[in-house]
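No value in this document is a laboratory result; all are computed from the given coordinates. No experiment lies behind these values; they were computed from the predicted model shown. No Cβ is skipped: glycine too gets one built from the backbone with ideal geometry, and neighbour counts run over all protein chains shown.
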Amino acid sequence: MMHLKRSLSIGLWFMFLTLPLMVVRVNTVSREIEWRWMNLVWAGVCAFAIAWLWQFSIERRAAKRMQVATDDHPEKRQHSLAQRLADDPVLSRRVLIGVGLLALVFPWLVSSGNSFYHINVMVSALIFVVLGLGLNITVGLAGLLDLGYIAFFAVGAYTYALLSKNFDLGFWTCLPIGGVMGMLFGVVLGFPILRLRGDYLAIVTLGFASITKIVLENWDTVFGGAAGIANIPRPDLFGFELDGRQKAIYIYYIVLALVALTVVVTTRLKNSRVGRAWMALREDEIASVAMGVDMAQTKLSAYALGAFWAGLVGVVFAAHNNFINPDSFTFMDSAMILAMVVLGGMGSILGVIIAALVLKLLPEYLRAFAEYRMLVFGAVMVLMMIFRPQGLINDMRRKYECDTAGGESDNGGK
Amino acid sequence: MQKSTLVKVFAAAFASAAFSLPVLAADTIKIGVAGPHTGDLAPYGLPSKDAAEMVVAEVNAKGGINGKKVELMIGDEQCKPELATNVATKLVSEGVNIVIGHVCSGATKAALGIYKEAKIITISPSATNPPLTKGGEYPNFYRTIAPDDDQAQLAAMFVIEKLGAKKVAVLHDKGDYGKGFADFSKEAIEKSGKAKVVMYEGVQPGAMDYSAVIQKLGREKVDAVIFGGYHPEASKLLAQMGKKKIKVPFVGPDGIKGDGFLKIAGKDAEGVYATGPKDVTQYPLNAKVRAEYKAKYGKEPGTFFDQAYAATLAAVNAIKVAGGTNYDALGKALKTSPVETTVGKIKFDAKGDAEGVGFAVYQVKNGAFAEVK
Amino acid sequence: MDFEYLFQLLCSGVVKGSIYALIALGYTMVYGIIQLINFAHGEIYMIGAFVALIITGVVTLSGYSGFSVLILAAVVAAIYAAAYGFTLEKIAYRPLRGAPRLSPLISAIGASIFLMNYVQLAQTPDFLPFPELVPEFEFMEPWVQYVSSVDMVILVVTALVMVALTVLIKYTRIGKAMRATQQDQVMARLVGINVDRVISATFVIGSILAAIGGVLIASRTGQINTAIGFMAGIKAFTAAVLGGIGNIPGAVLGGLVLGIAETFGAGYISSAYEDVFAFGLLVLILVLRPAGLLGKAVKQKV
C-alpha cells in the first residue's frame, strides 16, 4: 500500500516536472503553441510504473546487502556463474576455444558476394574493444580518472596519416610508431598531473583532449584542419593489392589479432608487479606509497601503457576509414570508452570486452531506434551505477583460499 | 566467463546479419539517398530525402524507368564521416545502383572512396567542397550545386566591387565548410589586390561570447566582414556586433541563406548579404514541384530541396537514356544528355559539376532574402 | 599602447568571467558538500533557458510584454530548474552516497546525456531564437561599446549572488548545516542535522542559480539549443576548479580569471585557440597550485 501511495505521488510529480518541456511547444515563427496533453498522461503513467519497480528493486538490493553482511559462512557462498565457470579449467578452455573459432570464421559467416557491411561494423566495434582495454589499464587497474583518452587515439591516427602522406611509410612500420607516439603523449600528460587528486585529474585530462582536438582543427598546414586527411592507404599484404571485401576481411583479422594481443599483455600486466602496484595505488594511495610503491613511476607507467594501446589502434582506425578528421575524436567518444570500462567492471578484461561490443554494436543494429539511442545510453549508465556498480563482470583477482575442511583451492583470475 | 552473454551477443549479431543478407531482389532499380536525417543538421538533409521520395513516387506512378520500378534506399549518417562510411557500405552491399548524396562535404568525402571502388555514381545536392570534383580524384561524383570556390569568389568580388571595401575581415567557424569558404574568399581578395584582408580569425562554434573578435573588428575599422559558416554562429556574431554598435556589411555563404538564419537572427538579419544558388523559382518545373510539396507537407521546402530534386531527376534521366545502370553508360548519359530540372536545364561537365547552375548574392530586405541585381 | 582596446577587452573579459562564475557557483556548491562533479549541472542550466523560452512564448502570445515577462520567466525557470535538480539528486546521486568515487561520476555523465537528449526529443534539436528579455536601458547608452545593458545585469546579479551566498553560508542556520555537512557528514548526522535535506537544499540552490544564469545568458546570446549546457558546463567547471573547487569566492575568481584570459588571448593572439588558452591556463595553475587559486590544500590524515 505504501508503494502505491508513493508511486502515485511520484507519478504526479513527474507530470508536473515534464509539463513545460513535453507538453508545450512554442513556434515563434508561426506564432502558435502546440499543446500535447497526451504526453502528460504518458509521463505520469510511466513514472508511476517505474517508481513502483524502482522501490521494489531498491528493497531487493537492500535485502541482498543485509544477507551478505550477516553471512556466517562466506566461503560457502554461491559464486556467480562467471566465477564458477572460470574455476572449471576444462569448461573455460572449451568455451574460450569455441569463441575463438567463432571469431575466426565470423567474416565468412556474415558476408557474401560484395557485401562487407557487417565485417566493417565488427571492425569498428573491435577497435573500441581495444580502446576499452587500454583505458581499463589507466582507469580500471590504476584508478586514475582519464576523461581525455580519445586524444591518444587521435595521436595514433594522425601519426599514421601524416607519416604515410609525407614520408610514404607503410602500415606495418607505422603501427609500432603510432603506439610509441601514444605512449609519449601519455607520459607528457602524466607528468604535470602527478600531484593532482582524482577530480582535478578529470578536468585536466579533459582539457588536454580539448587542446589536442583544437590544435588538430586549427593547424591545418600540418594536420589538414577540419578538412582532415584523406586517402590514407589501407594495409597491404606484402605488396599485393586487395579489393574492397578482401581488404575488409584483412583488417578484421588484424584487429582481431590486436585484441588478442591486448588481452594477453593486459592479463600478464595485471598479475605482475606493476599491475599489483597499480591496484594498490587505486585502493589507497597513501598506504601504497608508505609501503614503498614509487608513485611517480607507477602512475606514469599506467598512463603510458594505457595510451600505448590507443595509439596503436589509432593507426588501424585511420587505415580502416581512409579518412580522418577531428570530428571523430570528441568528448562524447571519451565518455563512451569510460562507460565501457566502468560498465564492464573496472579492471575486468572480459567485462570490458562485452561492454564495448554491446555499446558499439547495438546502436548500429538498432538503427530503427536511433532517436532514443542516446537517451537509453544515458539512462543505462545511471541505472547500472545504482544497481550494479561493480559492472557486468566482477573483477576477479587471483585468490588463494584456505578451505576450513582442509586443502587449498586456487581461483584463477580473469 | 559468462558464456550465456557472449553466446547471446554473437547469436544476435549473426541473426541480424542473416536477416539483412541481400534477399534475391525483385528486379528493381535502387536509388539511394544519404544524408543527415537525424541530429543537429537534419534540417539540411530531410528536404533532400523528401525530394527523392517525391521523384521516385512520380516515376513509379508512371510505370518506372524502362519498365522497372524504382526502390528508394535511405541512409542516415548525421553528417558524421564514420557513420557515412557505414551507410555507404550498407548501400553498396544491398545493391544500390546510384546514390543521391551525401549532404555534408566531410561525410561525402568519407563515403566517396567506397562508392568509387564499387563503381557507383553519386550525385550530391549540396556538397560544395571544390576538390571533390576539381581534384579529379572521384570520377564517379557529380553535383547539382556550384562548388564553394565559385561562391567565395563571388562574395569577394561583391565586397570589393559593389561594396567598395578596402579593409576586409574574414571570419570562419573552423569547420570544413566554413573555413573552406573563408580561405577561398581570402585568396580571391588577395589576388585581386584591390583590398586587404586585415583580419582572419576562427570562432568557436557553440561558444556564448565573441566579444574579443568583435572588438578586434572595431579596432581594425574594417569595411566589411566575410563569414564562412552556418546560421547559428552568424546570428550570434551579428547580435553581438549590433550590441557593440559595429555596423559593417556582413556577407555569408549559402549556409546562412535560409529560413533558419532569418528565424534565429531576427532583426539583426536585416541588411545581411548571403551568396546562394541562383534564383531558380523562374523555372516552371520548380514552381510546380514546390507547390506540390507545399500541398503535401503544409510548409515550404527546406534547404537544398531544389538541388536534390534536380539530382534525382538527373539520375532517373541518365538511367533512362543509358538503358540500364551500367557505370560508364550512366556517366556518359549524365555528361551528354541535358535534363529539364528544378534548377534549369542541366548537364554535367567533365569534372562532374553541373553546367548552368551558379551563385548569386542576396540581401535580407524586410525579413526575406532578395536577390541583389 | 592602445588603451581603448585594452579596456574594451577587459570589460568583455569581466562580463564573460561573470557568466562563467554564475554557473560555476552551482558546481562548486555541490562539490563542496558531497565531493561530486555534477556533470548534469550544465543541463539544468539549459533546461532553465528552455523553460524560460516556453513561458515567454506562452505569455507573449497571450498578449503580455515588458519587464514582467522577464520576471515571470525567470521565476518559473528557477522553480523548474530547482525541481529538476532536486529530482536529479534523488534519483541519480542519493543511492550512490557511499559508493566509490567513480560511480556517481559516471552516473552524472549518464544523467547529463539523458537530460540533454530528453529535451532534444521533447522539444527540438534545432536552434531556437531567444527573445531579448532585458531591454536596453537608456542610462547605459554612452557605455554601450564596453558593457551593454544585459551585460550590466549579469555583472550585478553575479555580485549579488556571491554576496547572498556568502551571507547564507556564514550567517544562516542552513548555511551552518551545510558547512557542518561539508566538514564531516557522519558527525553532522550525529548532531541531528538532516543531511539529506541539506544536500537537497544545496542542489536546489545551485539549480536556481543555473536557471537565472540560463535566462540572462540566453537573453544576451539571443539563441538557445540543447547543446548549450554541455559547452557552458565544461567552461564553468574549469573556472570552478581554477579557483579552487568547493570555494565560493574561488568560483567567482576562477570565472573572472578564465574569462579575462580567454578574451585577452583571443583579442591579442588568435580567437581560434581560445579554448587552448583556457585549458592551458588551467594546467599551469594546477601545476603550481594543485588545489586551485583559493583552494585549501586538504591535508589527508592517515
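Here are the numbers for the structure shown:
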| quantity | calculated |
| --- | --- |
| Over the protein assembly as shown: Rg over Rh, Cα atoms, Kirkwood Rh | 0.96 |
| Set of segment B:196-235 residues, backbone N closer than 19 Å to the point 7 Å along the Cα-Cβ line of A:Thr330 | B:203-209, B:229-234 |
| Debye, to nearest 20: dipole size of segment C:13-227, +1 on Lys, Arg Cβ, -1 on Asp, Glu Cβ | 1080 debye |
| Given charges at Cβ of Lys, Arg, Asp, Glu: chain C dipole, positive-most of C:Val59, C:Val161, C:Ala218 | C:Val161 |
| Rg(Cα) / (2.2 N^0.38 Å) computed for segment B:95-136, rounded to two decimals | 1.06 |
| Peptide A:121-131 - average C-beta neighbours from other chains (10 Å radius) | 1 |
| A:His3-A:Val215 pseudo-label distance in nm [points 7 Å out on the Cα-to-Cβ vector] | 5.7 nm |
| Other protein chain Cβ atoms within 10 Å, averaged over every residue that makes up B:257-268 | 3 |
| Most to least packed among A:295-308, B:321-334, A:314-327 [average Cβ atoms within 10 Å] | A:314-327, A:295-308, B:321-334 |
| Long-range tail of P(r) for chain B (Cα pairs > 36 Å, %) | 27 percent |
| Dipole magnitude of segment B:65-203, debye to nearest 20 (Cβ charges: Lys/Arg +1, Asp/Glu -1, about Cα centre) | 360 debye |
| Computed FRET value (nearest 0.05) for A:Ala260 with A:Leu91, which takes r as the C-beta separation and R₀ as 22 Å | 0.60 |
| Zone residues, segment B:43-58, relative to B:Ser337, backbone N less than 17 Å from point 7 Å out along Cα-to-Cβ | B:56 |
| Reach of C:Lys176 by Cα under 20 Å, taken over lysines that are not fewer than 8 positions away in the same chain | C:Lys296 |
| DSSP bridge pairs, the protein assembly as shown: antiparallel proportion in percent, nearest 5 | 45 percent |
| Proxy reagent accessibility, fewest Cβ within 10 Å first, across A:Val139, B:Val70 | B:Val70, A:Val139 |
| Helical contribution to [θ] at 222 nm, DSSP H n ≥ 4, -39,500 (n - 2.57), averaged over the protein assembly as shown, rounded to 500 | -20000 deg cm²/dmol |
| Proximal charge balance of C:Leu70 [Cβ under 14 Å; K/R count +1, D/E count -1] | -1 |
| Hz values of 3J(HN,Hα) by residue in segment B:152-166 - Karplus curve (6.51, -1.76, 1.60), Gly and Pro given as x | 5, 4, 4, 4, 4, 5, 4, 5, 6, 7, 6, 8, x, 6, 10 |
| Average beta carbon contacts from partner chains per residue of A:211-217, 10 Å cutoff | 5 |
| Amide H partners (placed H, <5 Å) of B:Glu270, local residues excluded | none |
| Chain lengthening between B:Arg219 and B:Lys245 when straightened (0.36 nm per residue, less Cα-Cα) | 8.1 nm |
| Largest-first principal axis extents of the Cα set of chain C (Å) | 57, 53, 37 |
| Simple spin-label estimate for C:Phe137 and C:Phe7 in nanometres, 7 Å along Cα-Cβ | 1.9 nm |
| Label point distance in nm, B:Lys191-B:Lys365, each placed 7 Å from Cα along Cα→Cβ | 3.1 nm |
| Simple Cβ-charge dipole of chain B, Lys/Arg +1 and Asp/Glu -1, about Cα centre, in debye nearest 20 | 560 debye |
| Neighbour-count order for C:Glu132, C:Glu274, fewest beta carbons within 10 angstrom listed first | C:Glu132, C:Glu274 |
| Sorted by Cβ density within 10 Å, fewest first, the residues B:Val272, B:Val357, C:Val191 | C:Val191, B:Val357, B:Val272 |
| In Hz, Karplus ³J(HN,Hα) per residue of segment A:198-212 (6.51, -1.76, 1.60; θ = phi - 60°; x = Gly, Pro) | x, 7, 5, 3, 4, 6, 5, 5, 4, x, 4, 5, 5, 4, 4 |
| Mean projected area in nm² (Cα convex hull; one quarter of hull surface) for segment A:81-387 | 17.5 nm² |
| Convex hull projection area averaged over all views, segment C:134-263, Cα basis, nm² | 9.5 nm² |
| Cα gyration tensor, segment B:209-278 - rounded (a/c under 1.5), prolate or oblate | prolate |
| Extension gain, B:Ala291 back to B:Lys278 (0.36 nm per residue minus Cα-Cα distance, nm) | 2.7 nm |
| Between helix B:231-243 and chain B: long-axis angle, C-alpha atoms, 0 to 90°, nearest 10 | 10 degrees |
| FRET efficiency, 1/(1 + (r/R0)^6) with R0 51 Å, evaluated for B:Lys299 and A:Glu283 via beta carbons | 0.25 |
| Whole-Hz couplings from phi, Karplus 6.51/-1.76/1.60, listed for segment C:280-293; x for Gly and Pro | x, 4, 4, 4, 4, 5, 5, 5, 7, 9, x, 9, x, 4 |
| Value of D in µm² per second that Stokes-Einstein yields for segment B:269-373, Kirkwood Rh from Cα pairs, at 20 °C (1.002 mPa s) | 141 µm²/s |
| Using distinct alpha-carbon pairs, which all enter the 1/r mean, Kirkwood radius of segment A:2-59 in Å | 12.3 Å |
